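Reading through the structure tokens given below for one structure.
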Amino acid sequence: MTLPSARAIMVLGIETSCDETAAAIVRRDTEGRGEILSDIILSQVQDHAAFGGVVPEIAARAHVAALDGVIRAAMKSGTTWRDLDAIAVTAGPGLIGGLLVGTMTARALSAAKKIPLLPLNHLEGHALTARLTDRLAFPYLLLLVSGGHTQLVAVEGVGRYRRLGTTIDDALGEAFDKTAKLLGLPYPGGPNVERAAKTGDAKRFSLPRPLRDAPGCDFSFSGLKTALRITAEAHAPLSEQDVADLAASFQAAAVDVIENRTRAAFDIFLDAIEVSPTALVVAGGVAANEAVRARLTAVCADVKAPFVAPPARLCTDNAAMIAWAGAERLAANLLPDPDLPARARWPLDEAAAPLVGSGRRGARA
Ligand code: KG4
Ligand code: ZN
């Protein structure tokens, strides 16, 4: 195949790793500027709401039902199959059923249309989005806070990611969701905890700040979750004000931890990379939280680094980030093995040591 480094690149991206069925077409010009030609996201939130969380089997079936139509809609942008340089697809990490639906569909399209296939790491999509939205130069610090991941990553180049810290138990979004469930707030929990916290007193309950000031920049949220449960049980039945105060106290603890660990990551970044990061980038669903954004803005002002928060639609799961990561890889001539199978676990930084709870199948993402 001819490598299109000296001309514009067009990539179809496909994303099915969790509860969004998504397809998008992105163009990268020779100067490295990205343009989103189409960006279709079909959320399954309603399918899972009754269960208070994503049900893998329901997610996989919903991807099967929706993916063809979502890809067809993305192709309505005026792009023809012959215009495409590659099909980029999320091959992991994520729920294996959804990943199989996405990778099998992409593989079939690649064979039928004779277009190269790029099986990619979902986290690489999050890591490179700021270059699509803000043309950010390497190296930068990424804080990824979603329902499945909480990590601080030094993004040094395309394919060069150094995980500085990660959660040793729950992801922050998961902790928000579990807090919501415990307080009787509807799914998805994060936005509802944030809303309740607005009218609450964050000082009423004293909750722990796990791993604050610990060496490194790892996270832990399970102790905070347990402390919240014990406090809530001690005050049951909860009034509306109790719920608001508990939500505010939880969010305040989470934001303090985020600040502390991000500050630590800035120091570690300098030691590890030996240059200052060009910016702090935040991604993932929790990045929509205003308290989190406000605190990160303050940290960045303090350490004199720009704060980059891509628009919410591109912070949460989407296929434009996968198409863009494919375009970046094509431009850099760093092509993944097209036969790479779908993987539920796949750390972005393969060299990162597995942490507690990594299981026998290797490190969690
Ligand atoms: O990135 P995302 O859409 O999906 C993945 O997890 O991959 O993130 C969803 C997570 C959920 O846990 C949700 O509760 C959380 O992001 N979230 C929030 C807010 N909006 C979404 N957490 C706190 N505050 C929010 N405003
Ligand atoms: Zn994600």
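The values are calculated or read from the model by the stated rules, or taken from the named source; none is laboratory data. What you see is a predicted model; the values in this text were computed from it and never measured. Neighbour counts run over all protein chains shown; Cβ positions are idealised from the backbone, glycine included. Each accessible area value is taken on the protein alone, full model and side chains, heavy atoms only, with ligands, DNA and RNA left out. Shrake-Rupley method; radii C 1.70, N 1.55, O 1.52, S 1.80 Å.
Being of a type outside the set (S, T, N, Q), more than 12 Å from ligand 2 (Cβ to nearest atom) and in a helix (DSSP H, G or I) is the filter here; which residues of the stretch 108-125 pass it?
Scanning the stretch 108-125 gives 108, 109, 111, 112, 113.
Only one of these is over 18 Å from the mean Cα position of the chain (by Cα), assigned by TED's automatic domain parsing to the domain that holds residue 37 and not polar (S, T, N, Q): 116, 186. Name it. Let's see the steps before the verdict.
Numbers: 186 fails: assigned by TED's automatic domain parsing to the domain that holds residue 37.
Only one candidate qualifies: 116.
Among the residues of the stretch 7-49, those identified as within 16 Å of ligand 1 (Cβ to nearest atom) and farther than 18 Å from residue 125 by Cβ are 44, 45, 46, 47, 48, 49. Within the stretch 126-162, if we keep just the residues that are in a strand (DSSP E or B), in contact with a strand residue (DSSP E or B) (Cβ under 8 Å, 6 or more places away or on another chain) and open to solvent by 10 Å² or more (accessible area, probe 1.4 Å), the residue that is nearest to ligand 2 (Cβ to nearest atom) turns out to be 161.
Working only within the stretch 163-176, note down all residues that are within 16 Å of residue 274 (Cα to Cα) and either open to solvent by less than 10 Å² (accessible area, probe 1.4 Å) or within 16 Å of ligand 2 (Cβ to nearest atom) (or both).
Step one: list which residues in the stretch 163-176 are within 16 Å of residue 274 (Cα to Cα), which gives 163-164.
Listed by number, the list holds a single entry, 163.
Go through the stretch 271-306 and report how many residues are open to solvent by less than 40 Å² (accessible area, probe 1.4 Å) and within 12 Å of ligand 1 (Cβ to nearest atom). Can you show your working first?
Step one: of the stretch 271-306, the residues open to solvent by less than 40 Å² (accessible area, probe 1.4 Å) are 272-273, 277, 279-287, 289, 291-292, 296, 299-300, 305.
The next check asks that each one be within 12 Å of ligand 1 (Cβ to nearest atom); those that pass are 282-287, 289, 291-292.
Summing the residues that are open to solvent by less than 40 Å² (accessible area, probe 1.4 Å) and within 12 Å of ligand 1 (Cβ to nearest atom) in the stretch 271-306 gives 9.
Looking across 33, 72, 61, 27, one residue alone is at pLDDT 95 or above, farther than 29 Å from residue 330 by Cα and either of a type outside the set (Gly, Ala, Ser) or open to solvent by less than 30 Å² (accessible area, probe 1.4 Å) (or both). It is 61.
Can we say residue 326 is within 12 Å of ligand 1 (Cβ to nearest atom) and closer than 30 Å to residue 39 by Cα?
The answer is no for residue 326.
Here residue 268 meets the list (1) in a helix (DSSP H, G or I); (2) open to solvent by 20 Å² or more (accessible area, probe 1.4 Å); (3) assigned by TED's automatic domain parsing to the domain that holds residue 118 almost entirely, failing just condition (3). Of all residues in the stretch 236-245, those that are more than 30 Å from the chain's Cα centre (by Cα) and either within 10 Å of residue 184 (Cβ to Cβ) or loosely packed, with under 14 Cβ neighbours inside 10 Å (or both) total 6.
Take residue 193 and decide whether it is assigned by TED's automatic domain parsing to the domain that holds residue 268 and surrounded by 22 or more Cβ atoms within 10 Å (Cβ to Cβ). Judged against the criteria, residue 193 is a match.
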